[in-house]
Amino acid sequence: EEAIQIDPRFSLAWAGVATCYATAAGSYLGMTSAEAFSRAEEAARKALELDPSLAEARTTLADTLYLLYWDWAGADREFRRALELNPSYATGHQWYAEFLSTMGQHDEALAHSHEALGLDPMSRAVSFSLANLLYDARRFDESIDLAERSLAQYPDYVHGWFRLGNAYLAAGDEGKAVERWQQGLIRSGTPESAERFGRAYAEAGMDGVCNVAIDLSEFPGLRVLCLARLGDVDGSLSSIEEAIDRKEPWVLSVRSDPIYDPLRGTPRFEELVARLGMPG
């Protein structure tokens, strides 16, 4: 923003602002995801007015089409155009890979994610993204191995601990799942929640943890699973339906995230997935 004040026609600065809003949406800015993505879109379109060849701005525009408008065809078109403009843009490959994984295209997603890591091997974001996509593809051992190695290098990456916990849960190791979630909660500044997780697991196993997790905003996907696990399947599915009605970005993961596997095949769940209108 300071660069834009100095030179309002500096297209890369507009692209940078767009990327910042898209990256921080819903987590770090104290605003709703919709507001953050709207600002990202505005800045990306301004950058492209000034320079239509900017892959950075086109990638962010694609991300807003994906996560704000749920425009799957438009997002795919813009992601591909961005990579045509700059095949060496690691973030372009990373974000496109995440989009493809959500669409259920895991092989192509992993190919782009590996390409991103090859272009930027020291990137924390790219490394954790690949771990997440391996998890979505049900390659749990590989996901856990990469996430553990990445967290050894970047132990303060909060979301990495949460997703690693999910991977351990999907792999059948509830104890390690709880331990990794606790690490995430501690590093997110809520050690009291981590203590609650520990006590609940010691006293009542995963059902006890579920009773705690239902009240925590950090775990929308786990909350859905826990409601079903504790017998409130209708409440679980209603949480998904409400998120779809509000177009909350996290709900797009229901298509691929293994955490929802216990609900797959039930008619209402499949109807909700169909409402997303994703191809395939």
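The values are calculated or read from the model by the stated rules, or taken from the named source; none is laboratory data. These numbers were taken from a predicted model, which means no experiment stands behind them. Methodologically, a virtual Cβ is constructed for each residue, glycine included, from the backbone with ideal geometry; neighbour enumeration extends over all protein chains shown. Side chains are part of the model used for accessible areas, which takes the heavy atoms of the whole protein and leaves out ligands, DNA and RNA. Shrake-Rupley method; radii C 1.70, N 1.55, O 1.52, S 1.80 Å.
Key figures
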| quantity | calculated |
| --- | --- |
| Cα-Cα pairs of segment 1-158 separated by more than 18 Å (percent) | 60 percent |
| In Å², nearest 10: area of residue 89 left accessible to a 1.4 Å probe | 40 Å² |
| Label-point separation in nm, residue 71 to residue 10, each point 7 Å along Cα→Cβ | 2.9 nm |
| Computed accessible area, residue 271, all protein chains, 1.4 angstrom probe, square angstrom | 120 Å² |
| Distance-filtered residues of segment 77-92 - backbone nitrogen under 17 Å, label point 7 angstrom along residue 28 Cα→Cβ | 91-92 |
| In Å², nearest 10: area of residue 53 left accessible to a 1.4 Å probe | 70 Å² |
| Added length on full extension, which subtracts the Cα-Cα distance from 0.36 nm per residue, residue 138 to residue 217 | 25.9 nm |
| Per-residue [θ]222 nm for the chain (sum of -39500 (n - 2.57) over DSSP H runs n ≥ 4, rounded to 500) | -23000 deg cm²/dmol |
| Whether segment 74-156 is rounded, prolate or oblate, judged on the alpha carbon gyration tensor where a/c under 1.5 counts as rounded | oblate |
| Exposure rank, largest accessible area first [273, 233; 1.4 Å] | 233, 273 |
| Residue of 119, 252, 133 that the Gaussian network model of the chain assigns the largest fluctuation, springs spanning Cα pairs under 10 Å | 119 |
| Solvent exposure, largest accessible area first (probe 1.4 Å, DNA, RNA and ligands not counted), of 157, 69, 135 | 69, 157, 135 |
| Probe 1.4 Å, protein heavy atoms only - accessible area per residue of the chain in square angstrom | 46 Å² |
| 72, 14, ranked by accessible area, largest first (probe 1.4 Å) | 14, 72 |
